[in-house]
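Shown next, in structure tokens, is the structure this report addresses.
The values are calculated or read from the model by the stated rules, or taken from the named source; none is laboratory data. Just so it is clear, the structure is predicted and the values come from calculations on it, not from any experiment. Here the Cβ positions follow ideal geometry from the backbone for every residue, glycine too, while neighbour counts run over all protein chains shown.
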Amino acid sequence: MHRKDLLIVIASVLFAIISIALLYRGISAPEYTISTEALSFADDPQQINLAEKTELQHNSGKHDYILSLLAEYSITAYLVSKRPYRRGSLSDLSPWDYALIWGEVPHQLEYLKFDQIVRFCLFSYKHGSPVDPAYIGRHLSNNHLIPANANIRKALARAKRGDIVRLKGYLVNVRTKSGSKEAVVWKSSMSRDDTGNGACEVLYVEQLRIGNRLYQ
């Protein structure tokens, strides 16, 4: 093959690859609208407990789940860390965990280190740092995120560390369903004051805002 012909083949292959990549990007990009409302991480999450029991049947593509809605929930916070989950029995249901901080904690990041490990978020700081660990614990949450639809699922991957995000939806308990058998697999925290096992929020996400991009 002549050098000229080889260059033509290479150019054709590159063009095809770029075209496919652009097409895929266009198909896979989540839809959003623009919101100009100012976002602030100064305030605590808003939670309205539900008086009546409500359940949703939810299929993730691999398993059937029953979601018990516990409270309407909205949190605007600083995304300090995020972690994807691609393996495990609940990864299809909840593909992302967001570690979120609010209040004064985002202003203290120079003293803090955060690590997400096996569906937990831990923080550490150097001895003598001007921080209050109890305050941090009350203004930090690790959130197991259950996307309400395919658009939200794709959008969850778009947030980056340092973004201010707003999540709206419901705190839920989760049961698996297989035939006539059911089993509780997750219970959401209902308080920002708890710590340790069971302190994570399990959030059914109906709306996600990243900066001025609003996904629904």
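In the set (1) among the aliphatic types (A, V, I, L, M); (2) more than 16 Å from the chain's Cα centre (by Cα); (3) modelled with pLDDT of 95 or more; (4) under 19 Å from LEU208 (Cβ atoms), ALA29 fails one condition alone, (3). Among residues of region 131-159 that are more than 23 Å from GLY211 (Cα to Cα), those with a Cβ under 9 angstrom from a residue that is among the β-branched types (Val, Ile, Thr), sequence gap 6+ or separate chain, pair up as VAL131/VAL105; TYR135/VAL105; ILE136/ILE101; ILE136/VAL105; GLY137/THR195.
Let's see how each residue does on (1) of a type outside the set (D, E, K, R); (2) touching a His at 6+ places or on another chain (Cβ under 8 Å):
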site: GLY128; (1), (2): yes, no
site: ALA134; (1), (2): yes, no
site: HIS139; (1), (2): yes, no
site: ASN142; (1), (2): yes, no
site: ILE146; (1), (2): yes, yes
site: ILE152; (1), (2): yes, no
site: LYS168; (1), (2): no, no
site: VAL174; (1), (2): yes, no
site: LYS181; (1), (2): no, no
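Is it true that some residue in region 4-25 is at pLDDT 95 or above and surrounded by 10 or more Cβ atoms within 10 Å (Cβ to Cβ)? For region 4-25, residues at pLDDT 95 or above and surrounded by 10 or more Cβ atoms within 10 Å (Cβ to Cβ): absent. Note on region 87-119: among residues that are outside any loop (DSSP other than H, G, I, E, B) and charged (D, E, K, R), the one that is surrounded by the fewest Cβ atoms within 10 Å (Cβ to Cβ) is GLU110. Just one residue in the set GLY196, GLY162, GLY179 is at pLDDT 95 or above, loosely packed, with under 14 Cβ neighbours inside 10 Å, more than 12 Å from the chain's Cα centre (by Cα) and in the same structural domain as LEU90 (by TED's automatic domain parsing); that residue is GLY162. Of the residues in region 47-59, none is outside any strand (DSSP E or B) and among the aliphatic types (A, V, I, L, M).
When only residues in region 36-73 that are among the hydroxyl-bearing types (Ser, Thr, Tyr) and either surrounded by fewer than 14 Cβ atoms within 10 Å (Cβ to Cβ) or touching a helix residue (DSSP H, G or I) at 6+ places or on another chain (Cβ under 9 Å) (or both) count, which is nearest to PHE123 (Cα to Cα)? The selected residue is SER40. Which one of the conditions (1) of a type in the set (Ser, Thr, Tyr); (2) assigned to a strand (DSSP E or B); (3) farther than 22 Å from SER188 by Cβ does SER141 fail to meet, given that it meets all the rest? If we test SER141 against (1) of a type in the set (Ser, Thr, Tyr); (2) assigned to a strand (DSSP E or B); (3) farther than 22 Å from SER188 by Cβ, just (3) comes out false.
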